[in-house]
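Here the structure comes first, spelled out in structure tokens, and everything after it is commentary.
The values are calculated or read from the model by the stated rules, or taken from the named source; none is laboratory data. What you see is a predicted model, and the numbers here were worked out from it, not measured in a lab. Positions of Cβ are backbone-derived with ideal geometry, glycine not excepted, and every protein chain shown enters the neighbour counts. What goes into the accessible areas is simple: the full protein's heavy atoms, side chains included, and nothing from ligands, DNA or RNA. Shrake-Rupley method; radii C 1.70, N 1.55, O 1.52, S 1.80 Å.
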Amino acid sequence: MKKTNWFKNAIIYQIYPRSFQDSNGDGMGDIRGIINRLDYLKDLGINCVWLSPVYSSPQEDNGYDISDYKDIYPPFGTLKDFKEMVDEMHKRGIRLIMDLVVNHTSSEHRWFKEARKSVDNPYHDYYIWKKGKKNGKLPTNWMGFFGENTWEYVPECDEYYLHLFAKGQPDLNWENPKVQEEVKSILKFWLDMGVDGFRCDVINLISKDPNIRDGHEFLLKGSKQFVNGPRLHEFLHMLNKEVLSKYDCMTVGETVFTTLEDAKLLTSPEREELDMIFNFDHTNTDNYLGIKWLMRKFKLVNLKKAFDKWQLGNTTGWNSLFIENHDQRRSVGRFNTSETTYRKESAKLLATMYFFQKGTPFIYEGQEIGMTNAHFTSLSQYQDTETHSIYKTLKKMHLPKSYIAKTIPNGSRDNARTPMQWDNTEFAGFSNVKPWLEINKNKDSINVKESIEDKNSILNYYKKMIEIYKDEKELVDASYKDLLPKHKYLYVYERETNDNIYLCINNFSTRFIKYHIDENYNAKKTLLLGNYSLIEEQKQASTIVLQPFETRLYKIKK
Ligand code: TEU
């Protein structure tokens, strides 16, 4: 089947299955629940879903620890349910990409259960093992992504196995051709089930430097040996040539700590590796060194620098665009926006500012109704393994209690994982029993039902925005130019085609700010979208006064 570039016209909605819709009364989302909400997604206007893992898993990392790649976690449903979901999505013109987690498995996977039995077990080399140091120390000083060490001892083998994440997530040994074969079989299984592609979890970690040794990096020790390793491109090209290229499918790689240069290698079409990647430069503008627990004061110029770098620099690849996902705190109230007084204006501003950049936009569940951070007040409310493990690490580092009390609620991934707020009933229409994670206290005022009824809601703004995005097809290939890279409060960019200029003006402040639109644009400009109701005179003015968190998208005939 010939591969097409459908992903360039995709609008992708990420579903975190555990938190989307419970249909069987166990307090956890499931596949039937997703099927029941497909008309909502269709009405929103999206045309593709990225589904976070639904595979069999002990759920230590909510499914990013897989124990059977070819079956469904029973509380989520069955393979039959899954197939029905795919068919129902396709009937609605919605494609489906799955989360492919093949840097590591769960320690409950049968491969690992075999591998840990002995060094001679045929599955032993599916994973990465090393002897401890002579002085009884761990094989290396590496630090994992959850802030802990990366080696776990197995007495039966008298060796340690590598885990860059939780110890229940042993890293696969991609040097082993059998592992490569297993991954190809997994890809085929789901593609033959009708799946349209994959979001590839931490895919730039799969190749490690074979000479594993102590690292000397300032924080993520060892990362120079496990990020963008020596055979990464070879492995990805192999998967593309031998499997992916035989289907009209899309791949987007989650590539932590990647550079623009790496991204161009990973996503240049002629290299036949990935179609897109997620980079995190923009979500790292309120932390140090990409470590979200090291909070940094946000400055708009840094956000614009990050966006400009990828909009202008990714000349051979294709950008993904996002402001939220299941690992990030909610965007409303972030990036100097308001979660309170100007919540609606902020959510609409954030939506417009990223959606009309060049690339494929992703929307994370709940973002379209302006869901906010959880604001839990006690550690016991958090369920995320990363949150608890980082808490322990910060305590061990003897950081001030006041700092820990701030950075945990700020950085916890549970902020994005509170159940979807469908209505104002006791369990927000998500379930009819107490859910696995507390529902946000503001579900009475922030939920889909009230959003549908409120013509001025964030949800109705998203629907209108998506309609405009689809109507203005030429935007896909339009150029990008930041008009005010140095401005402290305004983010203004232009997208240009042969016939039109799209001018996107965003006020990231509570200030009233005057902005002069080029007089030459005057006669031919149309206000396509905005988050304040304006009289005709205001729409046509060339000198405008932007209100707090005001966003405007103009179309100007050249
Ligand atoms: O996340 C990769 C990763 O590094 C995350 O730890 C992320 O950088 C961090 O949480 C940001 O706060 C992927 C998945 O998205 C994540 O949910 C998994 O926990 C992780 O890989 C392991 O599979």
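In the context of the full set of protein chains, region 300-383 has a per residue accessible area of 27 Å² (1.4 Å probe). Projected label points at Lys486 and Asp87, each 7 Å from Cα along the beta carbon direction, are separated by 6.2 nanometres. Each helix, a run of at least 4 DSSP H residues, gives -39500 (n - 2.57); summed and divided by the residues of the chain, these come to -7500 deg cm²/dmol at 222 nm. Accessible surface area normalised per residue over region 476-557 is 48 Å², counting heavy atoms of protein chains with a 1.4 Å rolling probe. Most simply put, the chain has about 60% antiparallel DSSP beta bridges, counting only bridges with both residues inside it. For region 476-557, the relative contact order is 33 percent, taking Cα pairs closer than 8 Å that sit 6 or more residues apart in sequence and dividing their mean separation by the residue count. If I model region 1-91 as equal point scatterers sitting on the Cα atoms and use the Debye formula, what is log10 I(q)/I(0) at q = 0.14, 0.17, 0.20 Å⁻¹? Values, matching the q order: -0.53, -0.76, -0.99. Met420 sits among other residues whose Cβ lies under 9 Å from its own Cβ, and their net charge, with Lys and Arg +1 and Asp and Glu -1, is 0. Defining a contact as two alpha carbons under 8 Å apart and six or more residues distant in sequence, what relative contact order in percent does region 65-128 show? Normalised by residue count, the contact order of region 65-128 is 32 percent. Take every Cα pair under 8 Å whose residues are at least 6 apart in sequence, average their separation, divide by the length of the chain, and the relative contact order is 13 percent. The overall shape of region 463-514, judged from the alpha-carbon gyration tensor, is oblate: a/c is not under 1.5, and a/b is no greater than b/c.
Here the accessible area is traced with a 1.4 Å probe on the protein chains. For the chain, carbon and sulfur cover 52 percent of it. In the chain, the longest principal axis of the Cα atoms and the axis of helix 232-242 are about 80 degrees apart. Each Cα pair of region 148-230 feeds into the Kirkwood radius, which the Stokes-Einstein equation turns, at 4 °C and 1.567 mPa s, into a diffusion coefficient of 88 µm²/s.
Over 18 Å apart at the Cα level, from the set Lys344/Lys443; Lys80/Lys241; Lys184/Lys246; Lys80/Lys184, are Lys80/Lys241; Lys80/Lys184. Of the cross-linked pairs Lys167/Lys358; Lys91/Lys525; Lys297/Lys358; Lys2/Lys358; Lys348/Lys470; Lys3/Lys455, which ones have a Cα-Cα span greater than 29 Å in the structure shown? Table pairs above 29 Å Cα-Cα are Lys167/Lys358; Lys91/Lys525; Lys3/Lys455. For the chain, the longest principal axis of the Cα atoms and the long axis of helix 401-411 meet at an angle of about 70 degrees. Taking all protein chains as shown and a probe of 1.4 angstrom, Val195 keeps an accessible surface of around 10 Å². Packing around the peptides 396-403, 104-111, 516-523, 293-300, taken as the average count of other Cβ atoms within 10 Å per residue, puts them in this order, highest first: 104-111, 293-300, 516-523, 396-403.
For region 1-114, the solvent-accessible area of protein heavy atoms averages 33 Å² per residue (probe radius 1.4 Å; ligands and nucleic acids excluded). Taking other residues whose beta carbon is less than 11 angstrom from the beta carbon of Ile72, and scoring Lys, Arg as +1 and Asp, Glu as -1, yields -1. Electrostatic bookkeeping for Tyr55 treats Lys and Arg as +1 and Asp and Glu as -1; over the other residues with beta carbon under 11 Å from its beta carbon, the sum is -3.
Distances between every pair of Cα atoms in the chain, grouped in 10 Å steps from 0 to the bin holding the largest one, split as 3, 17, 28, 28, 16, 6, 1, 0 percent.
The calculated FRET efficiency for Gln538 paired with Lys558, based on their beta-carbon distance and R0 = 25 Å, is about 0.60.
Shown for region 476-557 is the translational diffusion coefficient from the Stokes-Einstein equation, using the Kirkwood radius over Cα pairs, a temperature of 4 °C and a viscosity of 1.567 mPa s: 100 µm²/s. Under 12 Å between alpha carbons, and skipping anything fewer than 8 positions from Lys396 in its own chain: which aspartates and glutamates qualify? Within reach: Glu148.
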